[in-house]
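Inspection log for the structure reproduced underneath, given as structure tokens.
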Amino acid sequence: MRHLLSVSDLDRDDVERILEAAAALRGLEGKLPTLRGKLVLSLFFESSTRTSSSFELAAKRLSADVISLKAAGSSVDKGESLKDTVLTLAQYEPHAIVVRHPRIGAPQLVARYSGAAVVNAGDGKHQHPTQALLDLFTMRDALGRLDGLHVAIVGDVLHSRVARSLIQALALVGAHVTLVGPPTLIPRGIEAMGCSTATEIEAIADADVVYVLRMQRERMEAAFVPSLREYASRWGITPERVRPGQKVMHPGPVNRSLEIDGRVADGPDSLILAQVRAGLAVRMAVLHELLAAGAPARETAAVA
Ligand code: NCD
């Protein structure tokens, strides 16, 4: 694997290998020497808390040098194009570039203008492959399996790169997906990705995992729901709508009281913070896979 631009870059063996490496890397204390002398650039042209911090920490835990750039405060502010930004930073000969950008396909452009391995950390509403991997890791950790799991993905599928990547990744590992939400937020024809769809919230009843999506208000040019209050009352995940033992996930950031009730987000079946922890281990595994292929993560871990 040269780049990780989309879940389509992965087959089932790749997923297994990365999840296994993440399991070996998780919980290690201190740093590993694996990426000493390597340079990782982190370019975030869109807001991020979890993804940017975990990639940066992952690279540092593997002893890479890290340069983190955000659009605000960089020359992007002055109108520099993505191409010129990449051509400029490519002069430092980075080994990997992690990029988030509001435009679909921006990571491909970064791959074209640099010699680095590129990781897509979210491009518009298109793909967010490392989120899907950390979600698989979290589900397997909590439920012991992926094959045959039923996952209900609830809410704003239309604007969600997380949903698109996760639907593909769950199909790869043999899980079943039902998309649930208002018809305006479920893209027409999405069943072709191998999932079923439903408009009534009752469809989550027999799911092992209820995966709640954020209402992406910043990507909605028009009104997709009559009102946010109505959305919350018909599709919001409240304690009454989930049963004990039914796991609840959310990629963050959470809009409490809109797509998810705070009592569910903070409840005993919430995996939301476990997802954040998984993010660090999985992103270490992805950087390891791209930059240190050949050195098994477990041996890398044993060296430390
Ligand atoms: C998501 C994103 O940015 O795609 N967040 C994340 O990476 N954890 C989801 C979102 O913004 O709703």
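The values are calculated or read from the model by the stated rules, or taken from the named source; none is laboratory data. Because the structure is a prediction, the values reported are computed rather than measured. Cβ coordinates were reconstructed from backbone atoms using ideal geometry, including for glycine residues, and neighbour counts include every protein chain displayed. Please note that ligands, DNA and RNA were not included when accessible areas were found on the heavy atoms of the full protein model with its side chains. Shrake-Rupley method; radii C 1.70, N 1.55, O 1.52, S 1.80 Å.
Residue by residue, what Karplus-based ³J(HN,Hα) values in Hz, rounded to whole numbers, does region 240-256 have, using 6.51, -1.76 and 1.60 with θ = phi - 60° and x for Gly and Pro?
5, 8, 10, 10, x, x, 7, 7, 10, 10, 7, x, x, x, 8, 9, 4
Sorted by average packing, counted as other Cβ atoms within 10 angstrom per residue and highest first, what order do 127-136, 41-50 take?
My ranking of the peptides, most packed first, is 127-136, 41-50.
With all protein chains present and a 1.4 Å probe, how do Asp208, Asp77 order by accessible area, largest first?
Asp77, Asp208
Calculate the spin-label point distance for Glu240 paired with Ser47, positioning each point 7 Å from the Cα along the beta-carbon direction, and give it in nanometres.
A separation of 3.1 nm, rounded to one decimal place.
So how strong a dipole does the chain carry about its Cα centre when Lys and Arg Cβ are +1 and Asp and Glu Cβ are -1, to the nearest 20 debye?
Here the size comes out at about 560 debye.
Going 7 Å from the Cα of Leu273 along its beta-carbon direction, which residues of region 123-140 have the amide nitrogen within less than 19 Å of the resulting point?
135, 138-139
Along the charge dipole of the chain, pointing to its positive end and built from +1/-1 on Cβ of Lys, Arg, Asp and Glu, which listed residue (Gly194, Ile260, Leu25) has its Cα farthest out?
Toward the positive end, the furthest listed residue is Leu25.
Would you please put 243-252, 172-181 in order of how densely packed they are, using the mean number of other Cβ atoms within 10 angstrom per residue and starting with the highest?
Highest to lowest by the protection proxy: 172-181, 243-252.
Separation of region 156-227 and region 106-135 by C-alpha centroid, Å?
About 21 Å separates the Cα centre of region 156-227 from the one of region 106-135.
Given region 153-202 reduced to its alpha-carbon atoms as identical point scatterers, what log10 I(q)/I(0) does the Debye formula return at q = 0.17, 0.18, 0.20, 0.23 Å⁻¹?
-0.42, -0.47, -0.59, -0.78
Using R₀ = 30 Å, calculate the FRET efficiency as 1/(1 + (r/R₀)^6) where r is the Cβ-Cβ separation of Arg263 and Ile67; round to 0.05.
Efficiency computed from Cβ-Cβ geometry: 0.15.
At 222 nm, what helix-only mean residue ellipticity would the chain give, in deg cm²/dmol to the nearest 500, using -39500 (n - 2.57) for each DSSP H run of four or more?
Using -39500 (n - 2.57) per qualifying helix, the result is -10500 deg cm²/dmol.
Report, in listed order, any pair from Lys38/Lys247; Lys70/Lys247; Lys38/Lys83; Lys31/Lys70; Lys38/Lys125 with a Cα-Cα distance greater than 27 Å.
Checking Cα-Cα distances, Lys38/Lys247; Lys70/Lys247; Lys38/Lys125 exceed 27 Å.
Quick one: 3J(HN,Hα) in Hz for region 83-95, Karplus 6.51/-1.76/1.60 with θ = phi - 60°, rounded, Gly and Pro as x.
With coefficients 6.51, -1.76 and 1.60, one gets 4, 5, 4, 5, 4, 5, 5, 5, 5, 7, 6, x, 8 Hz.
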